[in-house]
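Before any comments, here is the structure.
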There are 2 protein chains.
Amino acid sequence: MGHFGDGGTETKEMDIRSLSSSHHQHLPYIHKVGVPPKQNLVKEFTSTVKETFFADDPLRPFKDQPKSRQFILGVQAIFPILEWGRSYNLAKFKGDLIAGLTIASLCIPQDIGYSKLANLDPQYGLYSSFVPPLIYAFMGSSRDIAIGPVAVVSLLLGTLLQNEIDPTKNAVDYWRLAFTATFFAGITQATLGILRLGFLIDFLSHAAIVGFMGGAAITIALQQLKGFLGIKSFTKKADIISVMRSVFGSIHHGWNWQTIVIGSSFLAFLLVAKYIGKKNKKLFWVPAIAPLISVMLSTFFVYITHADKKGVQIVKHIEKGINPSSVGQIYFTGDYLLKGIRIGVVAGMIALTEAAAIGRTFAAMKDYQLDGNKEMMALGAMNVVGSMTSCYVATGSFSRSAVNYMAGCQTAVSNIVMSVVVFLTLMFLTPLFEYTPNAILSAIIISAVIGLIDYDAAILIWKIDKFDFVACMGAFFGVVFASVEIGLLIAVTISFAKILLQVTRPRTATLGRIPRTNVYRNIQQYPEANKVPGLLIVRIDSAIYFSNSNYIRERILRWLTDEEEQLKAAGHPQIQFLIVEMSPVTDIDTSGIHALEELHGSLQKRQVQLILANPGRVVLDKLHASNFANLIGQDKIFLTVADAVHTCSPKLAEEV
Amino acid sequence: MGHFGDGGTETKEMDIRSLSSSHHQHLPYIHKVGVPPKQNLVKEFTSTVKETFFADDPLRPFKDQPKSRQFILGVQAIFPILEWGRSYNLAKFKGDLIAGLTIASLCIPQDIGYSKLANLDPQYGLYSSFVPPLIYAFMGSSRDIAIGPVAVVSLLLGTLLQNEIDPTKNAVDYWRLAFTATFFAGITQATLGILRLGFLIDFLSHAAIVGFMGGAAITIALQQLKGFLGIKSFTKKADIISVMRSVFGSIHHGWNWQTIVIGSSFLAFLLVAKYIGKKNKKLFWVPAIAPLISVMLSTFFVYITHADKKGVQIVKHIEKGINPSSVGQIYFTGDYLLKGIRIGVVAGMIALTEAAAIGRTFAAMKDYQLDGNKEMMALGAMNVVGSMTSCYVATGSFSRSAVNYMAGCQTAVSNIVMSVVVFLTLMFLTPLFEYTPNAILSAIIISAVIGLIDYDAAILIWKIDKFDFVACMGAFFGVVFASVEIGLLIAVTISFAKILLQVTRPRTATLGRIPRTNVYRNIQQYPEANKVPGLLIVRIDSAIYFSNSNYIRERILRWLTDEEEQLKAAGHPQIQFLIVEMSPVTDIDTSGIHALEELHGSLQKRQVQLILANPGRVVLDKLHASNFANLIGQDKIFLTVADAVHTCSPKLAEEV
C-alpha cells in the first residue's frame, strides 16, 4: 500500500535519477504498467458489494469489540438517544427548551393549515406533530431537524388520495386510505434504510427538486386563495388555469371583503415579520412567533366582532384529546391496499428526499456525521407508528428546522419539547381555535411556502448547467400547469434521461502536448498544446460499457478520419499510431472489449497501430482476461501518454 | 487547434527549456490551467445536440455541393442501390448469384418451420422471404445481411400474439393482429432511424443478448419436440417444465416411432453436415443445402411409403401464389390497435437488435461503413411494406448472413436472387411440400437454433465481467423457465441496473508517486507508488452528477478519516492538503458543485486545504460560473497533480 515515512532518502534518490534520466533524451525512463495481483472471486464480489451498499462502513465501531459491548453498540445504533443522552446536561436542555417552544408556536398553526392541504380535519395535523417527533427523538440522529407535517407532502398526499376517494362524500374511507398510505410510506422508508438502498433518493436531481418545490409552493399558495378570499365553491383541481378560472369566476358573488381585509392585514404582518427575521438574524424569533400571535389576535377579533356571522369562515371545531388508535383502520386487504401502497411509496420517497436534504444540510453546518440509512429507518419507524395513531405522513420541515437551528437547539430533545406542547394543546386548548378564521391559516401557509420558491438556486442552475435548468423548469411548469404527480413524473424522467445521455454519449477529446512539459491535454481546452506529427492521441472520458461502446468506437474512427483528411489536404505525413489515453476509463465490459477488438481490426486495415496509455486496474485485468492485451501486444500498453509518445516518436523519425 | 508541422524548432526549444527548468528544483515550471474561451449558449447547445444525435456526421457529403448534386445525393442516401448499382458488373453478379441460390435453399425450409413458431400458416414464412428482401436490397446498405423471418423473432411474436388471441380458435383476428404488430414494428424501426435514436438499442447489453438468444434457442428446440416426436396434444406454454411434462406425459400413447426414426436420422444428417462445414470452411455449402436435400428426400420417402397414414404428420397444404394484399387487415382502430402497437414495438426492437449486430459484424469484417440510423429506416420501410403484403416481422438472420458471406456475396443483389427463387417456389413449387413431414422441419429448426447457444461467449463473459455474467444467466434462465417476455424483461432490467450502479457508485482511488517519475497513480494498482507526507491525493473516476455527488463527498471524507487514523496511530504528521485529481471528471452539475462546497466546508473545519488538479474544460467552466473557483481560490487549481504537489510540499517543509 505504498511505503511511507521512511521514504525521505528514497525520494531524494528518485529525484536525482529522474534528473539524470532526462539528460539521456534517447533513453527515457519508462515505468512498467502495473498488473495488479489477481483477486479471487469472492473477495472481488465482497468488495464490490461493500462499496455499493456499505460505502459508509457502518460496522466499523463494532470491529474488535467484545460481544457484550457489541450488543450495547447495537442497541445504541437503533436508539442513538442512549448514546448522546448520557452526556446530556442542563445547559443543553436550556437551548432545547427555547428551540422547542419556538418551533411549537410555529408548528401549531401550520399543522392546522397543512392538514387541509391533505383534505383532513385539523386535529390530524396536530396528531402528526405529537407522536412522530417523539419517536424520532429516540431513533433519529439529526440534532436540528424539526419533525411534523410539511406543505409539499401534505399537498402531494391530498392530491393522490383525492384521485382515489372523494374526501367529502366518503370521509371515513378517505381517512383509512390516508393511514394506509402513511403506513406504507413508513415501510418504504424503513425498507430503503434496512436494505441500504438509500442512494435511490439521489436519483431525483437537485435541479428537479428546486423546480418541483417551487411549483408546489405556487400551487399551494393558489389553493389558499379559497380561504384567503372567502370563496365557497372552489375547484378541486390544483392547476393554475382551473384555479384562476375559479377565482375570477366568483369575483362578483363569491369574494368576502371582511375575509380579505383580515387575511391581507395579517399576511402583511407575517411578511414584515419574515423580512425582519431575514435582515437581523438575532430577531429570528419574530417570524417564528408571528403566526401564533396572528392566530390569537384574529381569533379574539372574530370572537368579539362576530365576523363569522358576516361570512368570515372559521375553523369551527377541532377534536379534543390525543391521538386515537388507528391500527384497525389500515387496509391490509382489498382494492385499497394496492392503492395505499402506491401512494405511500411515492409520498414516502418525497418525504425522505426532503428529510435527507435537511439532515445533510445541518449536519454539514455543525460538522457531525449522519448515517443516511439509519435516518431512513428512524423516519420509517416514526411513520409506521404514526399511521397507527391517526397521524399522516410526517417528515422534516425545512422552515421549522431552520428556526430550530437558529433558536439554538442542541439535540432532538427540542422535538420532545415541541411534542409536549402539542400534547397540552390537544388536551386543553383546541376549543380556543373555534373562532380562528380560515383566512389566517391561508395567510400563514402562503407566507410559509413562499420560502420554497428559490429564485437564486434557479439562476445558479441556469448558469452552471443548461440541461439541469430544463429539468428544473420542466418540473416547475409540470406542477403549476398540470399537477404534482405530472411535475414529479417530469422531474424523474428528465433526471433519468440525463443519466442515460451521460452513459451513451461520453466525451472524447484529442490531446496535444503542453509546451515545455510532458503533459498531454485536451487541445480545445489548451489551444497552445501541440499535436505530435504522425500520432493521434485520443482520450475517452468514461467507462466503456455496452451502452456506449459502439459510439466510442465510431467516434474514435471519426477523429482519425477527420485528422487524416486534414493532413492529406496539407500534404503532411499520415497518422501511424493511435494512442488512446485510458486514464478516465474506469471500467470496461464484454461489449467494450468487443468494440476495442473491432477498433483494432479497423485500424489494422488502415495500417495504424493501436496504443493504450494508462489503463486502470480493473480495465487492465479485463484486457488480460479477454486476451486483448496479447492481441495488440503487451508492449503497446504504456503507463503514460508521454511514455507512449517517446516510444513511438523515434520510430516515426526513422520511417518518415 | 494546436500548431502543427511548423513545430520542429519549437519542440526543440521546449525540450531545452524543460530540461533547464528541471535543474532549478525550487522553481519548477508550472503551466497555467486553461480557461477555455466562453462559448455562447446557442453554439454550446448545437454542439451537444450534434454530438448526441449526429455523432456520425451524416450530412458531411452534402457540404459545399450544388443544389442539384445535393438532390441526387439525397435520393442515393435513401436508395443506396442507385450508388453502388452504377459500378455493378458481371463478376459481382456471379458472386451474388451463387450466394443468393445458397441462401434461398437454406431459407425455404427454415421459413416454413419458423412460421409455425409464430403460429402462422407455412406460406406466411415464404411471403416474408419474398417482399422484405426486395425492399431491403434497394434501401439497405449492408452487403452481407440475409433478410427474412428468423427463429427468435418468430417465437417472440408468436408468444406475444398468443397471449392476446388464440390462433386456433380465432385465426383471422390472429393474422390481423400479426400484420398490425408487423406494421408497428416497421414504424418503430423507421422512427428510431429518422429521429436518430438508434442508440436506444444499445441499452440491451451484449451479455443480456447472449443469454436471451441461448434461452430462446433452447425454448425453440424444446417446442420442436412436438413435431419431432409426433405428439398430437402439446402444451401451449413454452417454459421447460410445462414442455417436459407434456413430453413425458405422452410417452406411452403420444409418441410416434415412425416420426422419431425419420426425424432422428435427418437430424443426424444435418448435424454431420454442419460439422463438416465447420471443419472445412470451403465446404460451407454442405450445411447450406443439407436442409433442402433433407426436405426433398424425406418428402419423397413419405410419398412412396405412405407414412402419413401411419401417424407421421405432414405439412399437407401450402397456399399457392404470391403475397396477397393485407392493407385492409391492419387494425388502425379498436382495442387491438394498442395491443398491436405494444407487440410491434417489442418485436421491432428485438429484430433491430439482431439486424444491427449482423450489419456491424460483417461491415467490420469487410471494413465498410454502415450508417446505423439509415439501416433502421430501411428495415422499418421493409417491414411496413411487408405488413401490407401479408408478411410478418422480417430481419437479418445470423446463420443465413454467414452463409451469404461465405458463399461470396458482393452486394444486396444476393437478396434479390433469393427473393426471385422464393417467388418461383410460391408460384410453382408449393404443392411439392404437401408430403413433407413436420419432423423434418423440426429437425431443421433444431439444427439451426443450436448455433444460437454461444458457450464460448458465455465463458468469456464470465472471465471478463461477473456482473455481465449474472445478466446473461438471468436472461437465459428467465427465457427457459418462464417465458421470452420475462427473459427479455430480466435482461433489460439487469442492463439498466448496471448503468444505474455505474452512475451511483463511481470508483475513487488514492494516488501515490511512481518512483523515479512525476507520475501519480492508484496505489492499489502500483504498490510501489509512494504517498507524499502531509498530502492525500484522491482521484474521482466519474462525472460528478446528482446521482453520485453525495457518495463522492462522503467517500472522499472517508479516505481522509482512514488516512488520518493510520497516521495518528503511527505518530506521523497530519494531512494538510487534500488534492483531488479531476482528470476523469468529465462533467459536473449543480448537485456536484454543492457536494464540492460541502466538502470544502468540512475540510475547513478539519484544517485541511482543498486543491484541485486538472479539471477539464466543462468542469472548469462550471467551477467559475458557480463561483466555486473563487471560493477555494484560483491558485488552488493546478494543471497536474505533480504541479500541485510541488507547490504544496515546500510549504509543508516550512510548517512541519
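Each residue in the range A:232-264 was checked for being farther than 21 Å from A:PHE476 by Cα, surrounded by fewer than 17 Cβ atoms within 10 Å (Cβ to Cβ) and of a type in the set (A, V, I, L, M), and 3 of them qualify.
Within the range B:505-530, the set of residues being within 25 Å of A:VAL503 (Cβ to Cβ) and not in a loop (DSSP other than H, G, I, E, B) comprises B:THR508, B:ALA509, B:ASN522.
Which count do you get for residues in the range B:408-434 that are outside any helix (DSSP H, G or I) and crowded, with 22+ Cβ neighbours inside 10 Å? Before the answer, list the steps.
Taking the range B:408-434 first, the residues outside any helix (DSSP H, G or I) are B:408-412.
Filter once more, keeping what is crowded, with 22+ Cβ neighbours inside 10 Å: B:409, B:411-412.
So the answer is 3.
Among the residues of the range A:181-233, count how many are out of contact with any Phe, Trp or Tyr (no Cβ under 6 Å at 6 or more places or on another chain) and of a type in the set (D, E, K, R). Result for the range A:181-233: 2. From A:LEU283, A:LEU225, A:LEU271, A:LEU195, grab the single residue that is at pLDDT below 90 and within 24 Å of A:TYR114 (Cα to Cα). Every option except A:LEU225 fails the conditions. Just so you know, in the range B:152-175 the residues that are touching a Phe, Trp or Tyr at 6+ places or on another chain (Cβ under 6 Å) and surrounded by fewer than 24 Cβ atoms within 10 Å (Cβ to Cβ) include one that is farthest from B:ILE444 (Cα to Cα), and it is B:ILE165.
Can you confirm whether the range B:486-499 contains a residue that is assigned by TED's automatic domain parsing to the domain that holds B:SER294 and at pLDDT 90 or above? No; the residues of the range B:486-499 include none that is assigned by TED's automatic domain parsing to the domain that holds B:SER294 and at pLDDT 90 or above.
Beta carbons closer than 7 Å, at least 6 apart along the sequence or on distinct chains, pair a first residue in the range A:73-88 that is farther than 18 Å from A:PRO133 by Cα with a second that is modelled with pLDDT of 90 or more for A:TYR88/A:THR411. Each residue in the range B:52-94 was checked for being of a type in the set (Phe, Trp, Tyr), away from every other protein chain (no Cβ under 14 Å) and in a helix (DSSP H, G or I), and 4 pass.
Collect the residues in the range B:358-376 that are crowded, with 16+ Cβ neighbours inside 10 Å and either outside the structural domain of B:HIS206 (by TED's automatic domain parsing) or not polar (S, T, N, Q) (or both), keeping them in residue-number order. Working first, answer last.
Within the range B:358-376, the first condition is being crowded, with 16+ Cβ neighbours inside 10 Å, and the residues that meet it are B:358-364, B:370-376.
Result: B:ILE358, B:GLY359, B:ARG360, B:PHE362, B:ALA363, B:ALA364, B:LEU370, B:ASP371, B:GLY372, B:LYS374, B:GLU375, B:MET376.
Taking the range A:138-193, which residues are small (Gly, Ala, Ser) and within 21 Å of A:SER325 (Cβ to Cβ)? Matches in the range A:138-193: A:GLY148, A:ALA171, A:ALA178, A:ALA181, A:ALA185, A:GLY186, A:ALA190. Pairs meeting the criteria (first residue in the range B:551-571 and more than 9 Å from chain A (Cβ to nearest Cβ), second residue part of a helix (DSSP H, G or I) and exposed (fewer than 12 other Cβ atoms within 10 Å of the Cβ), beta carbons under 7 Å, at least 6 apart or on different chains) are lacking.
Give the residue, chosen from A:ASP166, A:ASP173, that is of a type outside the set (Val, Ile, Thr), free of Cβ contacts under 8 Å to residues at least 60 places away in the same chain and closer than 20 Å to A:LEU338 by Cβ.
Numbers: A:ASP173 fails: free of Cβ contacts under 8 Å to residues at least 60 places away in the same chain.
Every option except A:ASP166 fails the conditions.
Counting only residues that are of a type in the set (Ser, Thr, Tyr) and at the interface with chain A (Cβ under 8 Å from one of its Cβ atoms), the range B:501-547 holds 6 of them.
Of all residues in the range B:225-269, those being closer than 15 Å to B:ASN438 by Cα and in a helix (DSSP H, G or I) number 16. For the range B:210-231, indicate whether the set of residues that are over 18 Å from B:VAL479 (Cβ atoms), more than 14 Å from chain A (Cβ to nearest Cβ) and surrounded by fewer than 16 Cβ atoms within 10 Å (Cβ to Cβ) is non-empty. No, the range B:210-231 has no match at all. Would you say A:THR395 is in the same structural domain as A:LYS278 (by TED's automatic domain parsing), among the polar types (S, T, N, Q) and surrounded by fewer than 24 Cβ atoms within 10 Å (Cβ to Cβ)? No: the conditions fail for A:THR395.
Listed by first and then second residue, the pairs linking a residue in the range A:423-438 that is modelled with pLDDT of 90 or more to a residue that is in a helix (DSSP H, G or I) and of a type in the set (Lys, Arg), with Cβ atoms under 8 Å apart and 6 or more places separating them unless they lie on different chains, form an empty list.
Looking at the structure I just gave you, is A:LEU610 within 19 Å of A:ARG553 (Cα to Cα), surrounded by fewer than 20 Cβ atoms within 10 Å (Cβ to Cβ) and touching a His at 6+ places or on another chain (Cβ under 8 Å)? Explain how you work it out, then say what you get.
On the way: within 19 Å of A:ARG553 (Cα to Cα): yes; surrounded by fewer than 20 Cβ atoms within 10 Å (Cβ to Cβ): no; touching a His at 6+ places or on another chain (Cβ under 8 Å): yes.
No.
Whenever a residue of the range B:625-650 is over 18 Å from B:LEU603 (Cα atoms), its partners that are surrounded by fewer than 20 Cβ atoms within 10 Å (Cβ to Cβ) and of a type in the set (A, V, I, L, M, F, W, C), lying with C-beta atoms within less than 9 angstrom and at least six residues away or across chains, give the pairs B:PHE638/B:ILE30; B:LEU639/B:ILE30; B:THR640/B:ILE30; B:ASP643/B:ILE30; B:HIS646/B:ILE30; B:THR647/B:ILE30.
Just checking, does the range A:149-163 include any residue being at pLDDT below 95, within 30 Å of A:ALA77 (Cβ to Cβ) and of a type in the set (Ser, Thr, Tyr)? Checked against the condition, which is being at pLDDT below 95, within 30 Å of A:ALA77 (Cβ to Cβ) and of a type in the set (Ser, Thr, Tyr), the range A:149-163 yields no hits at all. Within the range A:435-454, the set of residues being among the hydroxyl-bearing types (Ser, Thr, Tyr) and either closer than 23 Å to A:ALA288 by Cβ or not in a helix (DSSP H, G or I) (or both) comprises A:THR436, A:SER442, A:SER447. Answer with yes or no whether B:VAL312 is in a helix (DSSP H, G or I) and closer than 17 Å to B:GLU434 by Cβ. For B:VAL312, the condition - in a helix (DSSP H, G or I) and closer than 17 Å to B:GLU434 by Cβ - is not met.
Meeting the requirement of 3 or more residues that are polar (S, T, N, Q), the helices (runs of 4 or more DSSP H) wholly within the range A:551-656 are A:590-605.
Sort through B:ILE588, B:ILE579, B:ILE611 and tell me the only one that's modelled with pLDDT of 85 or more and at the interface with chain A (Cβ under 9 Å from one of its Cβ atoms).
Values: B:ILE579 fails: at the interface with chain A (Cβ under 9 Å from one of its Cβ atoms); B:ILE611 fails: at the interface with chain A (Cβ under 9 Å from one of its Cβ atoms).
It is B:ILE588.
Any chance the range A:183-192 includes a residue that's within 14 Å of chain B (Cβ to nearest Cβ) and in contact (Cβ under 8 Å) with a residue 24 or more places away in the chain? Checking the range A:183-192: at least one residue is within 14 Å of chain B (Cβ to nearest Cβ) and in contact (Cβ under 8 Å) with a residue 24 or more places away in the chain. The residue that is nearest to B:LEU623 (Cα to Cα), among those in the range A:448-488 that are hydrophobic (A, V, I, L, M, F, W, C) and without any contact (Cβ under 8 Å) to a residue 24 or more places away in the chain, is A:ILE464.
The values are calculated or read from the model by the stated rules, or taken from the named source; none is laboratory data. Computed from a predicted model, the values in this text were never measured in an experiment. Neighbour counts are summed over all protein chains in view; Cβ atoms, including those assigned to glycine, are modelled from backbone coordinates with ideal geometry.
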